[in-house]
Each structure stands twice: as structure tokens, then as C-alpha cells.
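Encoded as C-alpha cells, the structure appears first; notes follow it.
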Amino acid sequence: MNLSKMNIPLNLSTFGHDEIRAAVNVLESGHVTMGKQCFEFEEQFAQTLNVKNAIFVNSGSSANLLAFFALANFAMPEIKGRKRMQPGDEVIVPALTWSTTVWPILQAGGVPVFVDSDPETLQMKFEDVEKAISPKTVAICPVHVLGNAVPMGPIKQLAEKHRLWIIEDTCESLGTKHQGKTVGTWGDIGTYSFFFSHHITTIEGGMIVTPHDDIAELLRTLRAHGWTRHLKNREAVEKKYPDLDPRYLFVNMGFNLRPTEVNAAFGKIQLKKLSAFNDRRVEIANTWNNAFVDLISSGSLIPMKTTAQTDSTWFGYPVLLKNEETKRKFQGHLEKNGIETRPIICGNLARQPAFKTLPHRTVSDLSGANRVMDSGIYWGSHPLMSKIEVDYVIKTVKEFW
């Protein structure tokens with residue numbers, strides 16, 4: 001077996017001839033903007049996740065954008081006493097997250113309240129969420145980081161107690177299950193990403209899911225210009241305005257965040273591969289956990305700890321090192337030997353320069369997020385990795401010590 005220097009990227013293209021042929025078929029049909037393929041993909045996605053409504057958009061970031069703009073919209077239904085977001089209202093969110101979880105909160109007029117995360121599981125701490133609640137709190141935004149899951153039972157109970165919305169950012173954890181339930185379907189709205197490097201890809205794309213029909217209709221309206229064209233209850237709405245041409249009837253504000261039929265054609269095929277992709281990710285992570293058992297026991301290398309009662313899907317292989325200096329040396333060793341690495345998201349987002357001026361609030365010292373930021377990295381565990389590549393990673397990691 002040749003284990004000389006190899007190139008181990010974070011991810012490879014998981015699409016093949018079937019997806020390419022489907023895309024070509026769409027192009028040859030002449031029907032390329034949002035239509036039949038997109039709606040079929042939505043239905044198949046909802047069935048796969050066992051959720052009532054799925055709304056396809058052009059990115060995971062757009063899914064978050066629509067979720068928070070819906071929360072702040074005049075047409076947002078007040079379900080179980082939960083109120084829509086007013087300017088200055090607060091949304092609880094982990095500091096360990098991606099930027100486009102937080103930008104939509106600000107863009108919709110809200111204030112992010114950063115809470116800490118467990119540096120071993122990488123998931124937000126329930127006790128900090130509880131401390132963060134104030135009279136201005138309207139929502140909790142759990143972020144299921146790198147294929148793991150936030151413990152959702154206590155979060156759901158807390159949200160019900162205080163009449164708060166739950167908006168789950170699940171862009172890194174498609175297919176992960178917690179207590180047997182798919183993450184992203186625990187709350188009022190869940191968001192997913194189909195970017196090139198994620199669990200499945202539609203080239204670019206995202207999905208929003210919700211059990212609430214009224215919220216789903218609002219999201220469909222906001223997705224495309226604020227008009228009625230793609231509503232499920234289109235006829236009922238249009239009957240209210242008999243003097244206006246129903247082809248161009250605008251009942252709300254909106255964006256243009258529509259996906260294309262090419263994206264959906266990709267997605268329909270990729271969705272069938274999701275389970276096998278995730279099984280392979282788990283298999284690779286288990287192989288590495290077993291291979292690094294001595295390093296783990298000594299505390300030299302601490303891989304992500306799976307949340308209790310969770311079937312993780314391991315979006316990458318995140319690890320913590322003993323300190324920042326060791327992290328820099330170890331990361332340099334991996335990169336020098338062809339193993340591509342990244343920070344674990346960006347660690348503590350509240351430490352980024354943007355937040356010197358942007359409104360926000362923090363709870364606790366965010367020491368867990370800081371630990372991840374200072375001494376954490378991850379490398380790829382994508383489903384197309386060969387045994388030779390998996391073994392090369394083991395050899396290279398062990399060589400450092």
C-alpha cells in the first residue's frame with residue numbers, strides 16, 4: 001500500500017453522471033426556472049424528513065434569511081401565544097456558528113444574544129440559553145454544528161414555557177437524528193443547506209421546513225416577490241381581490257430567492273444518496289476514533305463528542321488540541337502533508353471585527369467557544385474517501401506525535 005504524500009481535500013464532488021444527465025434534460029426541456037422539478041423535490045424532501053412543509057430556496061443562507069424575515073413580518077401568525085419579532089427584540093443563538101445564521105437576525109431588526117457551547121460536543125449550552133432569556137426574547141435558534149445535534153428536549157420545553165419560537169439552523173446536519181427525530185424538525189422552522197460541500201448538493205440551494213401551514217405560505221410569498229403565484233391557497237387569497245389581475249397580485253413584501261429546475265433535478269437524485277453518504281461519513285469517523293484511541297485517552301487529541309441519544313452524521317472530523325500553539329503546529333503538519341483543514345466554523349463569532357459595531361449581547365464569558373476558536377480545527381470525512389485516504393490520515397496524524 002502506497003502511503004506517500006496524498007491530497008486529502010475537505011470534500012469532493014458527490015454528483016455523477018445521473019445528476020449531470022438530469023441537469024441536461026432540464027436544459028433541453030426549456031423549463032429552467034422554478035417549477036415542477038422544484039415542487040417535486042420539496043415534496044420528496046418533506047417525506048424524507050417526515051415534516052409537513054418544505055420550501056426550496058437558492059441557498060442555506062437564504063433559508064435563514066427568509067426564516068427571520070418571516071418572524072418579523074406583519075403576516076407572521078401568533079401560534080400558541082408566540083409573538084412576531086419587533087425591532088430590538090432578541091434571538092438567542094450560539095456564538096459558535098456561521099455568520100449567515102446571525103446576519104438575518106440583524107437584517108430583520110433583531111438583536112442576537114450569544115450563548116456558549118460545549119467545546120467537546122460543539123453544541124449550545126442549555127444552561128446559558130436559560131440565562132439568556134429576557135423580556136425581549138422572541139426566539140431560540142439552535143445550531144446543529146458539524147453533523148452533531150443540540151439536545152432539543154430541554155430547549156423545546158423552555159421555548160414552550162416562555163412562548164418562544166424555535167428556528168433550527170441545520171445547514172451542517174442534514175440527516176442527523178436526536179432521540180429518533182430528525183434535527184431541524186423539532187421546532188417551528190428548520191433550515192438546511194445544499195452547498196457543494198454539504199451532506200447533499202444542488203450546486204447551490206437550501207430548504208426551509210415547518211409544521212405550520214400558515215408559516216409555509218408566508219415563506220412562499222417572501223421567497224418570490226411577495227406575490228401569490230406559488231401559494232398552496234392561491235385561489236382563496238386571490239378571491240379577496242377580485243378587481244386585481246391575479247397573475248400579478250402582491251400581498252406582502254418579498255425577495256427573489258427562487259432556486260432553478262437544474263438545482264432541483266440535482267437534489268432529487270442526491271436525496272436518494274443521502275443515507276449512504278451519511279453512513280460512510282459515520283464509518284470514517286468511527287475508524288478514526290478507534291485509530292486515535294491512545295491520543296484521545298492522553299488528551300492530546302479530542303474529537304467531537306456525540307451528543308447523547310444522537311445519531312451524528314459527522315460533517316468533517318473536528319478535533320481540539322491542548323492549546324493554541326499545538327493547534328498551529330498540528331494544522332501546519334496536516335496541511336504540509338496534503339490534508340486540507342479549516343477552523344471549526346469560526347469559533348466565537350462575537351470576537352469577529354463586525355461585532356465591534358453591530359448590536360448584540362453575550363451571556364457568560366463564552367469560554368467554550370473561545371476554546372474551540374483557539375485550539376480547534378477539522379478536516380474532511382467526505383463519503384468518497386477511499387480506505388487508502390482514510391489510512392493516510394491516520395498515518396499522518398500519528399506522525400505528529
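The values are calculated or read from the model by the stated rules, or taken from the named source; none is laboratory data. None of the values given here were measured: they were computed from a predicted structure. Here the Cβ positions follow ideal geometry from the backbone for every residue, glycine too, while neighbour counts run over all protein chains shown.
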Can you tell me which residues in the stretch 146-174 are under 14 Å from residue 310 (Cβ atoms), among the β-branched types (Val, Ile, Thr) and either not assigned by TED's automatic domain parsing to the domain that holds residue 209 or not in a helix (DSSP H, G or I) (or both)? 150, 170
Can you find even one residue in the stretch 24-46 that is closer than 19 Å to residue 217 by Cβ, buried (at least 16 other Cβ atoms within 10 Å of the Cβ) and either without any contact (Cβ under 8 Å) to a residue 60 or more places away in the chain or β-branched (Val, Ile, Thr) (or both)? no
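Okay, residues lined up against (1) of a type outside the set (Val, Ile, Thr); (2) over 27 Å from residue 183 (Cβ atoms); (3) in contact with a helix residue (DSSP H, G or I) (Cβ under 8 Å, 6 or more places away or on another chain):
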{"residue": "206", "(1), (2), (3)": "yes, no, yes"}
{"residue": "237", "(1), (2), (3)": "no, yes, no"}
{"residue": "253", "(1), (2), (3)": "yes, yes, yes"}
{"residue": "276", "(1), (2), (3)": "yes, no, no"}
{"residue": "279", "(1), (2), (3)": "yes, no, no"}
For the stretch 88-111 the number of residues that are touching a Pro at 6+ places or on another chain (Cβ under 7 Å), among the β-branched types (Val, Ile, Thr) and surrounded by fewer than 24 Cβ atoms within 10 Å (Cβ to Cβ) is 1
Report yes if some residue within the stretch 112-132 is out of contact with any strand residue (DSSP E or B) (no Cβ under 8 Å at 6 or more places or on another chain), crowded, with 22+ Cβ neighbours inside 10 Å, modelled with pLDDT of 95 or more and more than 17 Å from residue 310 (Cβ to Cβ); otherwise report no. no
Given 228, 287, which one is more than 20 Å from the chain's Cα centre (by Cα) and either without any contact (Cβ under 8 Å) to a residue 12 or more places away in the chain or over 30 Å from residue 124 (Cα atoms) (or both)? 228
Taking the criterion of being among the acidic types (Asp, Glu), part of a loop (DSSP other than H, G, I, E, B) and farther than 16 Å from residue 62 by Cα, would at least one residue in the stretch 221-236 satisfy it? no
If a residue has to be surrounded by 20 or more Cβ atoms within 10 Å (Cβ to Cβ) and outside any strand (DSSP E or B) to count, how many in the stretch 175-184 make the cut? 4
Given the conditions (1) free of Cβ contacts under 8 Å to residues at least 60 places away in the same chain; (2) of a type in the set (Asp, Glu); (3) surrounded by fewer than 19 Cβ atoms within 10 Å (Cβ to Cβ), which single one is not true for residue 168? (3)
Grab the helices (runs of 4 or more DSSP H) fully contained in the stretch 1-102, keeping just those with 3 or more residues being over 27 Å from residue 150 (Cα atoms). 17-29, 36-49
Can you spot a residue in the stretch 117-134 that is under 24 Å from residue 58 (Cα atoms), among the hydrophobic types (A, V, I, L, M, F, W, C), over 16 Å from the mean Cα position of the chain (by Cα) and not assigned by TED's automatic domain parsing to the domain that holds residue 369? no
Considering only the stretch 288-393, give the helices (runs of 4 or more DSSP H) lying wholly within it that have at least 2 residues that are crowded, with 21+ Cβ neighbours inside 10 Å. 367-375
Out of curiosity, is residue 249 at pLDDT 95 or above, touching a helix residue (DSSP H, G or I) at 6+ places or on another chain (Cβ under 9 Å) and buried (at least 24 other Cβ atoms within 10 Å of the Cβ)? no
Does residue 302 qualify as being more than 22 Å from the chain's Cα centre (by Cα) and either aliphatic (A, V, I, L, M) or closer than 25 Å to residue 171 by Cα (or both)? yes
